[in-house]
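The next block holds one structure in the form of structure tokens; read it before the comments.
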Amino acid sequence: MSDFTHLDARGQVRMVDVTHKQPTVRRATAEGFVACAPHVVAALRDGTVPKGDALALARIAGIAAAKRTPELLPLAHVIGVHGAVVEVEVEDEGVRITAEVSTADRTGVEMEALTAVSVAALNVVDMVKALDKGTSIRDVRLIAKEGGKSGSWRREA
């Protein structure tokens with residue numbers, strides 16, 4: 001057997017078998033940032049983005065994305081996403097997105113939280129690209145996780 005969990009004895013990619021693991025409560029939080037020009041920030045704050053409510057759409061898209069993570073990441077397990085909250089906050093330099101995803105399953109939800117943030121950020125860009133094609137996504141990262149064999153982890157500030 002290989003030392004790499006996602007490779008079999010022949011070196012072929014495989015999905016890790018979690019059948020024998022017991023379900024436990026798990027939670028993950030991720031964040032990201034959409035850097036926007038000042039006029040885009042102003043449009044987001046006053047609700048004048050030509051395509052509509054970019055912030056509401058980003059929240060909904062992030063939640064939907066968390067539930068569809070295995071369709072995008074071939075080695076991600078299909079798990080029950082039992083909770084997903086996506087917060088979208090306009091700041092002076094752009095939009096901060098935070099996602100918290102929870103489950104009571106056999107594997108963690110780190111990738112679901114990261115996917116939620118990424119897709120929410122993509123939706124913000126899509127909604128404001130007519131105002132500024134230079135809008136960009138940065139710093140998508142896991143900030144905390146709880147549960148599972150490895151226990152709790154929090155990114156240092």
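The values are calculated or read from the model by the stated rules, or taken from the named source; none is laboratory data. Predicted model only: the values in this text are computed from it and were never measured. Cβ placement follows ideal geometry from the backbone for every residue including glycine, while neighbour counts extend to all protein chains displayed. Each accessible area value is taken on the protein alone, full model and side chains, heavy atoms only, with ligands, DNA and RNA left out. Shrake-Rupley method; radii C 1.70, N 1.55, O 1.52, S 1.80 Å.
Quick check: the angle from helix 110-128's long axis to the longest principal axis of the chain, C-alpha only, nearest 10 degrees? Once rounded, the angle reads 20 degrees.
Using r as the Cβ-Cβ distance of Ser150 and Arg10, and R0 as 22 Å, what FRET efficiency do you calculate, to the nearest 0.05?
On the way: r = 27 Å, r/R0 = 1.24.
So, using R0 = 22 Å, E works out to roughly 0.20.
Mean-square fluctuations from a GNM of the chain, with a 10 angstrom spring cutoff on Cα atoms, peak among Ala116, Ala84, Ala104 at Ala104.
The range 110-153 and the range 80-102 have their alpha-carbon centroids 8 Å apart.
I'd like the carbon and sulfur percentage of the solvent accessible area for the range 1-84, probe radius 1.4 Å, heavy atoms only, ligands and nucleic acids excluded.
Details: 3040 of 5120 Å².
Exposed carbon and sulfur together represent 59 percent of the surface.
Here the spin labels are modelled as points 7 Å beyond Cα on the Cα-Cβ line, and at Ala104 and Ile60 they lie 3.0 nm apart.
For the range 1-142, the solvent-accessible area with a 1.4 angstrom probe is 55 square angstrom per residue.
For the chain, the alpha carbon convex hull comes to 123 Å³ per residue, rounded to a whole number.
Considering only Val101, Val125, Val90, the mean-square fluctuation computed in a Gaussian network model of the chain, springs between alpha carbons under 10 angstrom, is largest for Val90. With an 8 Å cut-off on Cα pairs and a minimum separation of 6 or more residues, tell me the relative contact order of the chain in percent. Worked out over the chain, it gives 35 percent. Let a ≥ b ≥ c be the square roots of the eigenvalues of the Cα gyration tensor of the range 45-113; is it rounded (a/c under 1.5), or, if not, prolate (a/b larger than b/c) or oblate? In terms of gyration-tensor shape, prolate.
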